[in-house]
Amino acid sequence: MRGLWAGLRGLVIVICALIGSAVWAAVASAQPSPSRPITLVVPFAAGGPTDTLARILSERIAAELHTTVVVENVAGASGSIAGARVARATPDGTMITIGHWGTHVLNGAIFKLPYDVLADFEPVATIAMGTQLIVGRKTLGANNLKELITWLKANPGKATAGTAGAGTGAHVAGVFFKEKTGTDFQFVPYRGAGPAMIDLVAGQIDIMFDQASNSLPQYKNGAIKAFAVASPTRLASAPDIPTVDEAGLPGLYISYWHGIWAPKTTPKDIVAKLNAAIVTVLADPSVKQRFGELGQEIPPPDQQTPAALASFQKAETEKWWPIVKAADIKPE
C-alpha cells in the first residue's frame, strides 16, 4: 500500500509539473516580443517627413507591444550613418529603423556603404506610399511649373535647390528634373528635409523636390508655393496642386515609399510580432487620417508583409540602380 501511495504521489507531482509548464508556456507565448524597450532609428534630423511618420507610429506601436519605443535621430551621409548603426545592432528586435526609397534603394547605388541595403536588413513592413512635390519659396517669381522652368532657364546656375543630403531622393529627383528641362541650378545639402524646409520658408533657398509629407503643411499654411505633384494622380489631401503631366512635364513620377527594417537574422517570430503590431497600427482610422494629411497613402494589408517589402525593395533596386548609375550621380 505504501508503495502504491508513493507511486500516486509521484504521478501527481509529474502531472502538476506538466500543468505548470503548460500554463507557463501559455503565459510566455502571450507576452509581446520584443518586451524590452525598442529604439526606432530615424536616419534624418528631427522635424523632417520620415521623423514625422516615425513619431506618429512609435507611441501606438509601443502600446501594441506593451513596451517603450524611443525615437532616435541619427542624421548624416544621406541616412547611411543610421543604416550602418542598425545593420551592426544586435538582432533581437530592440533596434529597428524606418527608411525609404532613398535610404534603402538609392544609397546602395550612390555610396560606398559599409553594409548592403538588401542583404543586411530584415524587412518588417511597408508603411506608406508617398510622392514628391516640386515646391518653391513664397517670393519666387513663378506661379506654375512652366513659369518656374522659364525662370530657371533665365537664371542658369544661380538658383538653389535644397536636399536632405547628397544622393538623397530629392537630389536624384533634381538631377532628373535638370535633364528633363534643360535647366541648371545648385544643390544645397542639409542634414534632413526638415532643416531644408526651414530655409525654404525663410527664402534662403529657391526650390525643393520634396516629400509631400514635409511640404504640405507649409503649402497649406501659405508659406511656400507648390508647382506640381510628381505623380500621375493628384493628392486627395491637396487636390488643387496639378500633376506633372498636367503642369507640362509628363512622366516625372517618383514614389517616395517608407518601410521598417530590423537587423539581419532578427528571429522570424520577433519580425512577425513587430509586423503584426505595425499592421494593427496602420489600420487605425486616426493614423490613416494623419498619414493622408501628410500626403501619404497606407498600402493594402497584402503589401504590408515582410515578404512584400522584400520583393518591392528588390524591384525598386533593379529599376533605379541602372538609372542612377547611368546619370553618374555621385555624392557631393
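The values are calculated or read from the model by the stated rules, or taken from the named source; none is laboratory data. Since the model is a prediction, treat every value here as computed from it, not as a measurement. In this analysis, Cβ positions are derived from the backbone assuming ideal geometry, glycine residues included, and neighbour counts consider all displayed protein chains. These area figures cover heavy atoms from the full protein model, side chains too; ligands, DNA and RNA do not enter into them. Shrake-Rupley method; radii C 1.70, N 1.55, O 1.52, S 1.80 Å.
What the table below lists for this structure:
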item	result
Reachable aspartates and glutamates from Lys264, criterion Cα separation under 12 angstrom, eight or more residues apart if same chain	Asp92, Asp116, Asp120, Glu122
Positive-end residue of Trp261, Gln303, Ser286, charge dipole of the range 238-332 with Cβ unit charges	Trp261
Reach of Lys178 by Cα under 16 Å, taken over aspartates and glutamates that are not fewer than 8 positions away in the same chain	Glu147, Asp206, Asp210, Asp328
Net lengthening on full extension, Thr150/Glu59 (0.36 nm per residue, minus Cα-Cα)	28.2 nm
Distance between modelled label sites at Thr265 and Gln303, nm, 7 Å Cα→Cβ extension	3.3 nm
Highest-MSF residue in the chain out of Ala154, Ala77, Ala238 [GNM, Cα springs under 10 Å]	Ala154
Over 31 Å [Cα-Cα, the chain], rounded percent	36 percent
Charge dipole magnitude, Cβ of K and R +1, D and E -1 - the range 191-332, Cα centre, debye nearest 20	420 debye
Net charge, Ile205 excluded, C-beta distance under 10 Å - Lys, Arg +1, Asp, Glu -1	-1
Projected label distance in nm at Asn221 and Glu318, using a 7 Å step from Cα toward the beta-carbon	4.3 nm
Using alpha-carbon coordinates, inclination of helix 145-154 to the longest axis of the chain, degrees	60 degrees
For q = 0.26 Å⁻¹, Debye-computed log10 I/I(0) when each Cα of the range 183-244 counts as one equal scatterer	-1.21
Accessible area expressed per residue, the range 41-156, with surrounding protein chains retained (probe 1.4 Å, Å²)	36 Å²
Choice from Asn143, Asn221, Asn73 with maximal GNM fluctuation in the chain (Cα, 10 Å cutoff)	Asn221
Summed side-chain charge close to Arg234 - residues other than Arg234 whose Cβ falls under 12 Å, Lys, Arg +1, Asp, Glu -1	-3
Total charge dipole magnitude, the chain, about the Cα centre, Cβ charges on Lys, Arg, Asp, Glu only, Debye to nearest 20	500 debye
Nonlocal amide H pairs with Glu72, under 5 Å, H built at 1.01 Å	Leu40, Val41, Val42
Distance cut-off 14 Å, percentage of C-alpha pairs in the range 276-332 lying past it	67 percent
Solvent accessible area, Å² - Met129, 1.4 Å probe, full protein context	50 Å²
